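Shown next, in structure tokens, is the structure this report addresses.
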């Protein structure tokens with residue numbers, strides 16, 4: 001659930017598919033019925049000693065379903081370990097990222113959060129293949145990684161001239177009329193400040209350090225034409241209903257519309273790329289199972305299955321060799337998307353509270 005996180009959550013989430021209920025610490029014990037598959041007898045071999053379960057906290061939705069098919073079901077069949085799926089809950093995740101006790105063994109997060117809380121995370125064992133497409137400073141901690149894109153998209157027939165070419169066009173409601181679907185939760189500010197600065201004429205290489213006052217001023221110009229969404233699936237509703245003519249969102253929502261049969265244009269120019277992944281907190285109760293699952297998710301064939309289902313970019317370069325050309329062309333980190341922009345993740349980690357507090361205040365204005 002996208003929600004107002006002011007005063008509680010100090011972490012960033014990019015790829016939250018936020019729908020459904022919340023799993024609390026008291027209810028995680030009941031989640032065995034939500035496991036990706038029933039436990040099977042452990043296979044013989046190096047993983048035969050594994051047993052029990054591993055609790056994976058992610059954001060549900062179609063991305064979770066694809067992950068279960070690509071990774072979890074086969075892992076359970078091979079090891080007998082039950083993958084218990086828990087909806088990401090701020091109170092539990094934040095406590096474990098701070099080094100406190102909790103029930104999660106693998107927590108989905110992003111680069112800036114990893115860098116901020118690295119001392120409270122487990123380094124992956126040497127036998128877990130590293131994602132060679134990830135930044136080197138996170139490879140030892142990032143499991144089951146994938147690259148998301150944050151960009152703009154619209155129903156293709158909305159604009160006869162092909163639609164906006166960049167973020168300046170996105171802000172131009174005279175040239176491109178209609179409402180803009182925009183993230184309405186403090187904890188999912190995504191690339192909002194960076195987008196505003198690009199629209200105001202700042203060059204990509206000059207985005208950091210962020211001029212928050214300038215960014216807020218630019219955001220205020222468009223605010224009357226924004227329609228705020230409180231969950232990512234709402235992006236699909238706003239576009240398909242015509243309530244918004246353009247949306248800024250993670251690209252998975254545009255993929256979902258395309259798969260529903262709608263003709264959607266995604267503007268890859270000035271898209272923001274960000275790795276998402278799981279981390280193992282030091283307070284995990286099932287570390288060996290978590291490490292074994294991390295190894296299963298670092299398999300190129302498994303990752304190819306996940307990538308084909310979601311159109312999120314792979315973390316392993318070898319995966320590209322297993323993908324059809326039409327799939328590669330739709331991936332955020334496809335070679336042809338050379339106009340995409342990388343966040344300064346260290347800056348964002350160092351200024352996470354400023355991002356969150358500034359966006360919270362702006363939404364409340």
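FYI, it's all coordinate maths here, none of it is from the lab. Because the structure is a prediction, the values reported are computed rather than measured. Because the Cβ atoms are built from the backbone with ideal geometry, glycine has one as well, and the counts that use them run over all protein chains shown.
With N set to the residue count of segment 99-215, report its C-alpha Rg divided by 2.2 N^0.38 Å to two decimal places. Let's see the in-between values first.
Numbers: Rg = 18.9 Å, N = 117, 2.2 N^0.38 = 13.4 Å.
Expressed relative to 2.2 N^0.38 Å, the Cα Rg reads 1.41.
Want the number for residue 327 to residue 365: 0.36 nm per residue separation, take away the alpha-carbon distance, what's left? Working shown, then result.
Working: separation 38, 0.36 × 38 = 13.68 nm, distance 4.16 nm.
Between residue 327 and residue 365, full extension yields 9.5 nm more.
Computed from the coordinates I sent, semi-axes √(5λ) of the Cα gyration tensor in Å equals one of (1) 45, 20, 18; (2) 34, 22, 19; (3) 34, 26, 19. Tell me the label.
(2)
Grab the Cα-Cα distance for residue 77 and residue 263, subtract it from 0.36 nm times how many residues apart they are, and report the gain in nm with one decimal.
63.1 nm
Take the alpha-carbon positions of segment 216-302, form their convex hull, and give its projected area averaged over all directions (one quarter of the hull surface) in nm².
Dividing the Cα hull surface by four gives the mean projection, 9.5 nm².
Of the candidates 304, 142, 91, which one comes out as most mobile in a Gaussian network treatment of the chain with C-alpha springs shorter than 10 Å?
Fluctuation is largest for 91.
Over segment 201-267, with a single point scatterer placed on each C-alpha, what log10 of the ratio I(q)/I(0) does the Debye formula yield at q = 0.21, 0.25 1/Å?
-0.94, -1.06
On alpha-carbon atoms, Rg over Rh for segment 169-320 using Kirkwood Rh? Write down the numbers at each step before the final one.
On the way: Rg = 18.5 Å, Rh = 18.0 Å.
Using only Cα positions, Rg/Rh for segment 169-320 is 1.03.
Considering the alpha-carbon set of segment 246-365 alone, what are its Rg and its Dmax in angstrom?
Radius of gyration, then largest Cα-Cα span, for segment 246-365: 17.4, 49 Å.
Once you compute Rg and the Kirkwood Rh from C-alpha atoms, what is the Rg to Rh ratio for segment 277-326?
On the way: Rg = 13.0 Å, Rh = 12.1 Å.
Taking Rh as the inverse mean 1/r over Cα pairs, Rg/Rh reads 1.08.
Please report, for the Cα atoms of segment 82-139, the Rg to one decimal and the Dmax as a whole number; what are they, in angstrom?
Both quantities, over Cα of segment 82-139: 12.4, 32 Å.
Give the percent of DSSP beta bridges with both residues in the chain that are antiparallel, rounded to the nearest 5.
Roughly 55 percent of the DSSP beta bridges within the chain come out antiparallel.
If the chain between residue 308 and residue 175 were fully stretched, how many nm would it gain, using 0.36 nm times the residue separation less the Cα-Cα distance?
Details: separation 133, 0.36 × 133 = 47.88 nm, distance 3.53 nm.
Between residue 308 and residue 175, full extension yields an extra 44.3 nm.
Report the semi-axes of the equivalent ellipsoid for segment 155-253 in whole Å, largest first, where each axis is √(5λ) for an eigenvalue λ of the Cα gyration tensor.
Values for segment 155-253, descending: 22, 16, 12 Å.
Size of segment 129-187 along its principal axes in angstrom, Cα-based, largest extent first?
Rounded to whole Å, the extents work out to 48, 28, 18 Å.
Say a paramagnetic label sat at a point 7 Å from the Cα of residue 65, along Cα to Cβ; which residues of segment 259-295 have their backbone N under 16 Å from it?
Answer for segment 259-295: 259-262.
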